[in-house]
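What follows draws every value from the coordinates through simple rules; no lab data is involved. Keep in mind it's a predicted model, so treat the numbers as computed, not measured. In this analysis, Cβ positions are derived from the backbone assuming ideal geometry, glycine residues included, and neighbour counts consider all displayed protein chains.
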Amino acid sequence: AVEQARADPRNRRFASLANAVLRRLAREKASHLTATHAVPVIPAWFFERLVEVYGEDHAHRIAEAQLVPAAIDLTVKSDAAGWAEKLGGRVLPTGSVRLPAGSGAIPSLDGFAVGEWWVQDAAASLPAKLFGDVRGLAIADLCAAPGGKTAQLAHAGARVTALDQSENRLKRLRSNLERLGLQAETARSNLLDFHPEILFDGVLLDAPCSSTGTIRRHPDVLWTKGPADIEKLARLQETLLRHALTLVKPGGRLVFSNCSLDPSEGEDVVERVLADSPDWRREPVDPADWPGLSEAISPGGAFRTTPAMLPAADGETGGLDGFYAVVLQRVG
């Protein structure tokens, strides 16, 4: 830190101050570390909610996961084991490749420039996989940018329509698809204004949410949002989900997901919508199809991941984003 201060003409005069402060911290570290233990890792209102939903032990583990840098996971086009070996990582139960700590800049890694993989948290890769075999099917990815799930579906052989209301975000999506050598039709539209002439075989709605499942990467989320924000977002998700149902043909499926840890943005929304949608039913996820992920599958057959799951192996960080994902089928 002192050398960095000396290297910058604007900060050179602070080099001695930096040296003095840091040396004192080193001498008195025990007392300072003890004092920091009294600082809450997450706000009390949210911790209480975690205890209510997950129990006290799991709530503590979710909070503590925030203190460790998030792992970097890759979704690979093929040969996950081979890419794990090349990059020094390991294959997760999701099929993702988890990189070891300190792997370096992503664009410099083998396979990036030629589009063999893309960065995507292991939990974020689950919703698209819940469709199963999508070869030849027409799938709409709503709220699609930056395009990780679009890429999954396109690579799996689906005819994908990627929707987003932001042209800048769609530009990023198209750029990502170009690097990966994948194709999808893109459409700029507010979801509620989207009324296609032909219904889809499947729809993926990764809905806007409080993002509390991403606290390892964005710890500020819990301090900039409160219960009122979660309630407001849950109402928005319900509105979007009800419209998304109208886009699916009979016999088709809809995957609803978001990166919130709060069931009011997941299970509760789905309960209300299904209560007055007689042509729709849940399609439970079979734990037998997901070895190593049974902890993340709820009794009702939905995915509910948390940052406390998938513990670390040697030389890497553990955990994954908090995600909710459920499969719904139109049976009418």
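Quick notes on this one:
- Extension gain from residue 78 to residue 175, taking 0.36 nm per residue of separation minus the Cα-Cα distance: 32.8 nm
- Each label was represented as a point 7 Å from its Cα along the Cα-to-Cβ direction; for residue 298 and residue 187 these points are 2.9 nm apart.
- Burial order of peptide ranges 163-172, 95-104 (average beta-carbon count within 10 Å, highest first): 95-104, 163-172
- Point-to-point label distance, residue 274-residue 232, nm (Cα→Cβ direction, 7 Å offset): 2.9 nm
- You can think of it this way: the chain between residue 217 and residue 165 has 16.3 nm of extra reach, that is 0.36 nm per residue less the Cα-Cα gap.
- Share, in percent, of DSSP beta bridges within region 120-330 that are antiparallel, nearest 5: 40 percent
- Listed values (i) 24.4, 95; (ii) 22.0, 74; (iii) 20.9, 66, entry calculated as Rg and Dmax of the Cα atoms in Å: (ii)
- Neighbour-count ranking [beta-carbon atoms within 10 angstrom, fewest first] of 314, 133: 314, 133
- The alpha-carbon of residue 171 sits under 18 angstrom from the alpha-carbons of these aspartates and glutamates, leaving out residues fewer than 8 places away in its chain: 141, 185.
- Extension gain, residue 31 back to residue 16 (0.36 nm per residue minus Cα-Cα distance, nm): 3.1 nm
- Candidates 184, 20, 234, ranked by Gaussian network fluctuation over the chain, Cα under 10 Å, top entry: 20
- Distance from the alpha carbon centroid of region 209-266 to that of region 86-157 works out to 21 angstrom.
- Among the listed pairs 77/232; 86/225; 29/86; 86/129, those whose Cα-Cα separation exceeds 29 Å are 77/232; 86/225; 29/86.
- Cβ-to-Cβ counts within 10 Å put 83, 45 in ascending order as 45, 83, the fewest first.
- Low-density loop cleavage sites - trypsin sites (Lys or Arg not before Pro) in region 102-163, where at most 13 other Cβ are within 10 Å (DSSP): 135
- Normalised by the number of residues in the chain, the mean separation of alpha-carbon contacts (under 8 Å, six or more apart) gives a relative contact order of 17 percent.
- Cβ-based exposure ranking for 317, 214, in which fewest neighbours within 10 Å come first: 317, 214
- The chain, helix-only ellipticity at 222 nm - DSSP H runs n ≥ 4, -39,500 (n - 2.57), divided by all residues, nearest 500: -10000 deg cm²/dmol
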